[in-house]
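Have a look at the structure below, then the notes.
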Amino acid sequence: MAQLTKRGLIAAVVCSDQFMKLGTAQAKVFGVPDLPLLRIPHPLGGLGMEKVRERADVALPQLFKVIREQRK
Amino acid sequence: MKELADLLKRPGALVECDDDPEAVFELLVEKGWSDGLPVIPPTPERVGRMLAYCDRDPGEPVVKIPPRYGAATPLRVAANAVMAGCRPEHFPLVLLALEAMAEEPYNLYGTQATTHPCTPLLIFNGPIARELNINCGHNVMGNYFRPNAVIGRAVRLALVNIGAAIPGTGDMATHGTPAKFTYCISENEAQSPWEPLHVELGFPQEATTVTVVAGEGPHNINDHESLTPEGILTMCAGTIATTGSNNAYYRGQPVLAFGPEHAATVASRGMTKREVKQWLYEHATIPLSKFSKEGIERRFRRKQADEFADAALDTPIHMWKTPEDLIVIVTGGAGKHSAYIPTFGNTRAVTRALKHRDGRSVKSIQELKTR
C-alpha cells in the first residue's frame, strides 16, 4: 500500500482495533504517515460471513470518504 | 571508519544515569529497552570492548531489523550484547545470527510481527561452537549455560531494541513463548550417528555455522519403551502431527532434535537421515477429517483448492512439503527424550557460515580479534 500511495494512487489499509498501533507505526516506517487506515472492530480472522459483512459495512464508508477527499 | 567516540557524540547516542545497577535497570525498563530482566549497563567502555571482535565500521548498518527497520550497526548490536551479558568473543555470532535472519526467506518481518509464538532458534554447528562452549548436552534448551543464555538473549534484545518488536505494537504475539528470552543451542556432533546439519547442507566440516529457524518452544517426545527405529519414529510422528500446528497449514521446515539415545536407536540398523525424513514425511500425517468442519472448508477446500477442493476426508495432511524440508539434528544429554520444534510455517531456515571479510572460514574466534 505504501508503494501504491507513493505512485499517487488512492490506497488504504483495513486494520482492526488491536492492530491500529502496528498499522500507524508501519505507515511511518514506510514513509507514508498519512496512509489511511480503515478501522474495523477486532477480530477479522475466524468470522462467519455475516460478521465479515458487518466489518465491510464499517470499512466501506471510511473508504468512500478517503476516495472523496483524495479526489478533491 | 568512524571511531566509537565520534559515534557517541551523535544526538541520543548517550544517556546519563546514576552509576548504580538498579538505577540503570530502572532507566532501561522505563525507556522500553529491555526484556524485563536486569542487564549489564552498556557503558561506552564495555561497548568498546565488545567491538574488539568486529572488523566492521561500528556505525555502518549490518542489517535492518523490522518492523521499525532499525539500522543494526555494530555499535547498537554491541550495546545489546553487553546488556545481555555477552563476552566480546560471543559478539561475532550475534552479528552472524542477525545477518542470517535478515535474509529474505526467513521472513523476519512476518516472524517479528505475527500473533504466532515463534522466535529465532539459533542452531550452531562447527568448531567455534565447541571453542565457545555453547552447550549441546544436558538441558541444552534450558537454563544455566552462559553462551546459550547470552547469545540468544543478545539477539532477542536487538530484535526488540533495534527492530521495535514491542509487544502490542510491533510484536503482536497472542501468548509468545518463554523462548523469547533466549533460544540458542548447538548440535551434539560428537554423539550424532549422522553427518552434522552444516555438512548435510554442503558446508565444510571445519566451518562454523548458524542456522536460524523461526520456531515455537520445544515440544517433548518421551519414549522409554521403543527398541527399534520404527518404534521411536512412531512416537515422534504422533507428537509432530497435531492439528493446531502452523506446519499443518503453511508447511515450512520444522526441527526434530533427537536426543543422542533416541538417535542411536533410530540409526541402529543403518537408517540414514534422509531415510528418517522420508519415513516421517509419510507417517507424520493428519487425516483431513481430524480438522474442524470450518477448518476443512475454509483452510483446505477454499484456500488450498488446487489440492483439497474435492479431497476425501481420509486424505493425509503432511506437516512439511517435501521430505527433505524436515530439519533433523542431534542434541542434548542422556535420557530417552527428543524435542520437536514446529515453526511459523511461512518462513525458511537460513544457514550462514562465519567467515573473514575475504571469504575465508574462521577456524578460531581469536582470528577475529582486532585489538
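Filter the range B:34-65 down to the residues that are surrounded by fewer than 22 Cβ atoms within 10 Å (Cβ to Cβ) and within 14 Å of chain A (Cβ to nearest Cβ) and list them by number.
B:K64
Pairs, please: C-beta under 8 Å, at least 6 apart or cross-chain, first residue aromatic (F, W, Y) and in the range B:16-37, second assigned to a loop (DSSP other than H, G, I, E, B)?
So the pair list comes out as B:F25/B:S34; B:F25/B:P38; B:F25/B:V39.
Among the residues of the range A:29-40, is there at least one that is more than 12 Å from chain B (Cβ to nearest Cβ), surrounded by 13 or more Cβ atoms within 10 Å (Cβ to Cβ), basic (K, R) and not in a helix (DSSP H, G or I)? Walk me through how you get there before you give the answer.
Taking the range A:29-40 and keeping what is more than 12 Å from chain B (Cβ to nearest Cβ), we get A:32-40.
Now narrow it down to the ones that are surrounded by 13 or more Cβ atoms within 10 Å (Cβ to Cβ): A:32, A:35-40.
Filter once more, keeping what is basic (K, R): A:39.
Now narrow it down to the ones that are not in a helix (DSSP H, G or I): A:39.
Yes, the range A:29-40 contains a residue that is more than 12 Å from chain B (Cβ to nearest Cβ), surrounded by 13 or more Cβ atoms within 10 Å (Cβ to Cβ), basic (K, R) and not in a helix (DSSP H, G or I).
Out of the residues in the range B:66-87 meeting the condition of being more than 14 Å from chain A (Cβ to nearest Cβ) and assigned to a loop (DSSP other than H, G, I, E, B), tell me which one is farthest from B:C54 (Cα to Cα). So that I can check it myself, show each step before the final result.
First pass over the range B:66-87, keeping only residues more than 14 Å from chain A (Cβ to nearest Cβ): B:72-87.
Still in the running and assigned to a loop (DSSP other than H, G, I, E, B): B:73, B:85-87.
Values: B:T73: 11, B:G85: 17, B:C86: 14, B:R87: 13 Å.
Here the answer is B:G85.
Of the residues that make up the range B:130-137, is at least one in contact with a strand residue (DSSP E or B) (Cβ under 6 Å, 6 or more places away or on another chain), within 14 Å of chain A (Cβ to nearest Cβ) and at pLDDT 95 or above? It would help to see each step written out before you state the result.
First, pick out the residues of the range B:130-137 that are in contact with a strand residue (DSSP E or B) (Cβ under 6 Å, 6 or more places away or on another chain): B:134, B:136.
In the following step, the residues that additionally are within 14 Å of chain A (Cβ to nearest Cβ) were identified as none.
No, every residue in the range B:130-137 fails to be in contact with a strand residue (DSSP E or B) (Cβ under 6 Å, 6 or more places away or on another chain), within 14 Å of chain A (Cβ to nearest Cβ) and at pLDDT 95 or above.
Give me a count of the residues in the range B:255-276 that are over 22 Å from the mean Cα position of the chain (by Cα), part of a loop (DSSP other than H, G, I, E, B) and in contact (Cβ under 8 Å) with a residue 24 or more places away in the chain. Talk me through it step by step, then tell me what you get.
Filtering the range B:255-276 for residues over 22 Å from the mean Cα position of the chain (by Cα) gives B:261-262, B:264-272, B:274-276.
Applying the additional criterion that residues be part of a loop (DSSP other than H, G, I, E, B) yields B:267-272.
Next, only the ones that are in contact (Cβ under 8 Å) with a residue 24 or more places away in the chain stay: B:267-269, B:271-272.
Result for the range B:255-276: 5.
Surrounded by 14 or more Cβ atoms within 10 Å (Cβ to Cβ), in contact with a Lys or Arg (Cβ under 7 Å, 6 or more places away or on another chain) and within 14 Å of another protein chain (Cβ to nearest Cβ): does that describe A:L44? Spell out the reasoning first.
Working: surrounded by 14 or more Cβ atoms within 10 Å (Cβ to Cβ): yes; in contact with a Lys or Arg (Cβ under 7 Å, 6 or more places away or on another chain): yes; within 14 Å of another protein chain (Cβ to nearest Cβ): yes.
The answer is yes for A:L44.
Could you list, in sequence order, the residues of the range B:297-325 that are within 17 Å of A:G45 (Cβ to Cβ) and either in contact with a Ser or Thr (Cβ under 6 Å, 6 or more places away or on another chain) or hydrophobic (A, V, I, L, M, F, W, C) (or both)?
B:F300
Looking at A:K65, A:K6, A:K72, A:K51, can you tell me which residue is without any contact (Cβ under 8 Å) to a residue 12 or more places away in the chain, more than 14 Å from chain B (Cβ to nearest Cβ) and surrounded by 12 or more Cβ atoms within 10 Å (Cβ to Cβ)? First the steps, then the outcome.
Numbers: A:K6 fails: without any contact (Cβ under 8 Å) to a residue 12 or more places away in the chain; A:K72 fails: surrounded by 12 or more Cβ atoms within 10 Å (Cβ to Cβ); A:K51 fails: more than 14 Å from chain B (Cβ to nearest Cβ).
Being without any contact (Cβ under 8 Å) to a residue 12 or more places away in the chain, more than 14 Å from chain B (Cβ to nearest Cβ) and surrounded by 12 or more Cβ atoms within 10 Å (Cβ to Cβ) holds for just one of A:K65, A:K6, A:K72, A:K51, which is A:K65.
Of all the residues that make up the range B:164-195, how many are more than 14 Å from every other protein chain (Cβ to nearest Cβ) and either part of a loop (DSSP other than H, G, I, E, B) or crowded, with 19+ Cβ neighbours inside 10 Å (or both)?
Taking the range B:164-195 as the starting set, the residues that turn out to be more than 14 Å from every other protein chain (Cβ to nearest Cβ) are B:175-195.
So of that shortlist, the ones also either part of a loop (DSSP other than H, G, I, E, B) or crowded, with 19+ Cβ neighbours inside 10 Å (or both) come out as B:175-177, B:179-189, B:191-195.
Total satisfying the criteria: 19.
Looking at the range B:206-254 only, could you name the residues that are within 25 Å of B:L288 (Cβ to Cβ), outside any loop (DSSP other than H, G, I, E, B) and small (G, A, S)?
B:A237, B:G238, B:A248
The values are calculated or read from the model by the stated rules, or taken from the named source; none is laboratory data. Just so it is clear, the model here is predicted, and its values are computed rather than measured. Please note: Cβ atoms are built from the backbone with ideal geometry, for glycine as well, and neighbour counts cover all protein chains shown.
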